[in-house]
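Some notes on the structure that comes next.
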Amino acid sequence: MNLASYASHQHEFPAARWRADFPLLQRSVRGMPLAYLDNAATTQKPQPVIDSEARYYTEINANIHRGVHWLSEQATLAHEAARERVRAFINARETCEIIFTRGTTEAINLVAQSYGRAKLGPGDEVLISGLEHHSNIVPWQMVCQQTGAVLKVAPIDDTGTVRMDEFRRLLGPRTRLVAVSHVSNALGTINPLAEMIALARAQGVPVLVDGAQAVAHTPVDVQAMDCDFYAFSGHKLYAPTGIGVLYGKRTLLDAMPPWLGGGDMIRTVSFEGSTWNDLPYKFEAGTPNIAGAIALGAAIEYLGRVGLQAVAAYEQELLTYGSEALAAVPGLRMIGTAAHKAGILSFVIDGLHAHDIGTVLDTDGIAIRAGHHCAMPVMEFFGVAATARASLAFYNTREDLDRLVQALRKAVEMFA
Ligand code: PLP
């Protein structure tokens, strides 16, 4: 190896080395090595995350916060250490601004039912964008129905980019909340959050960011971003299902009423009435997903070793490589061609149904998603019932994409 190629080798992202940490990626599917390209739906889990969850159950399983015995103390310490890891991960100011939820969906519903229900009245408006996941549409429709508020939608253009002229126009004197995704799961579009948040801030309107598709792919700093709420799911971040996070600014969270009632979220209870616990426990009724939170902490620690800056750069490289390779497949049309995109390749092929594409790829051990991706309005906008979607993670390689393209060419020859 000469010096120049050694130097370039040093800068290469060692995807294969990290991939070895993921037991499931070592298995074969339908007799073929697995090419897992469904990471926007959920990511695979590295051994340290699996070990962390197993260690909790084999060594310190107990209920938290209420126990006086050693196990309960250990479980509480580990759970709260995980909260601190999440805080540092997104650079929240205080640990009490990190609320554990079941995932992004629950986090957004929490804001809709607590903040939204308290603050919205007839004629008030909630502004979202045209590329949202159902999780960032339906909770707002529900709270609008309950309060008489109105849902406004800033439309997208043909590339799948939110039209900022419309966003600006719709951000009006009755807007009480803006709720937008960081990255679209159906299109890969990265929203111009800095601009959106600055516009909302200028009018004193709080902003919720749905970060489900962002946190595993790019560093997030909620203070620098200056959002008011940020929601994400552990399972898209190499952690288990059933654990997620709502970040909220303390001043807002303090003023919000609890949503779910029950154990742990109270300070006192009598039949005449109850008083609420401090943050973040006010929003964490009942026994939480203790093992999940601890494993989320382990996933964050693991991702820290991989390095999110390097992940972001590598996934952009894969995205460019995959986009170019897919463009050469006969009859393929990319859905979502925004200038700023994350590693999501959504497409349709003339004469082939998205589900058939998914099924054909599956026989080659290639896992992608086919459907509306919980973003029916996006499908409607592009005039398609469904798309096939390959979504990337740092353990994917060019070889995975080569296999995808090869299998698609085969499918086109067979069916189109
Ligand atoms: N928001 C976006 C952009 C998503 O991609 C998803 C899941 O695909 C969600 C919200 C909902 O996440 P969860 O099902 O983990 O609550």
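The values are calculated or read from the model by the stated rules, or taken from the named source; none is laboratory data. Everything quoted here is computed from the prediction, not taken from an experiment. Every residue, glycine among them, receives a Cβ derived from its backbone with ideal geometry; neighbour counts consider all protein chains shown. Quick note on the areas: whole protein, heavy atoms, side chains included, nothing else; ligands and nucleic acids left out. Shrake-Rupley method; radii C 1.70, N 1.55, O 1.52, S 1.80 Å.
Below are the figures for this structure:
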item: With DNA, RNA and ligands ignored, accessible area of Asp51 (1.4 Å probe; Å², nearest 10); result: 60
item: The chain: antiparallel DSSP beta bridges as a percent of all, rounded to 5; result: 60
item: Restricting segment 220-312 to GluC sites (Glu not before Pro) in coil, as DSSP defines it, with at most 11 other Cβ within 10 Å; result: Glu272
item: Inter-label distance for Gln26 and Asp254, nm, one decimal - labels placed 7 Å from Cα along Cα-to-Cβ; result: 5.0
item: Cα-based Rg and Dmax for segment 173-322, where Dmax is the largest Cα-Cα distance (Å); result: 17.9, 64
item: Cα→Cβ-extended label distance, 7 Å offset, between Thr42 and His353, nm; result: 2.6
item: R0 of 51 Å, Cβ-Cβ distance Arg201-Val68: FRET efficiency to nearest 0.05; result: 0.65
item: log10 of Debye I(q)/I(0), alpha-carbon scatterers only, for segment 1-135 at 0.12, 0.13, 0.14, 0.21 Å⁻¹; result: -0.88, -0.97, -1.05, -1.30
item: P(r) histogram, all alpha-carbon pairs of segment 102-219 included - 5 Å bins from 0, percent; result: 2, 12, 24, 25, 21, 12, 3, 0
item: Calculated diffusion of segment 50-304, Stokes-Einstein form, Kirkwood radius summed over Cα pairs, 4 °C and 1.567 mPa s, µm²/s; result: 69
item: C-alpha long axis of helix 138-147 to longest principal axis of the chain, angle in °; result: 30
item: Net length gained if the chain between Arg93 and Ala224 were fully extended (0.36 nm per residue, minus Cα distance); result: 46.1 nm
item: Ellipticity estimate at 222 nm from DSSP helix runs (n ≥ 4, -39,500 (n - 2.57)) divided over the chain, nearest 500; result: -11500 deg cm²/dmol
item: Within segment 301-396: Cβ-based charge dipole about Cα centre, in debye rounded to nearest 20 (Lys, Arg +1; Asp, Glu -1); result: 180
item: Among the listed pairs Lys152/Lys341; Lys119/Lys152; Lys236/Lys341; Lys249/Lys282, those beyond 19 Å (Cα-Cα); result: Lys152/Lys341
item: On Cα atoms only, tilt of 193-202 relative to the major axis of the chain in degrees; result: 30
item: Over the chain, relative contact order from alpha-carbon pairs under 8 Å, at least 6 apart, %; result: 22
item: Hits among aspartates and glutamates - C-alpha to C-alpha of Lys45 under 14 Å, sequence gap 8 or more where chains match; result: Asp21, Glu53, Glu301
item: Net length gained if the chain between Gln316 and Tyr57 were fully extended (0.36 nm per residue, minus Cα distance); result: 89.5 nm
item: Distance from segment 51-103 to segment 384-399 (C-alpha centre basis), Å; result: 33
item: The chain: angle of helix 70-90 to the longest principal axis, Cα-based, in degrees nearest 10; result: 60
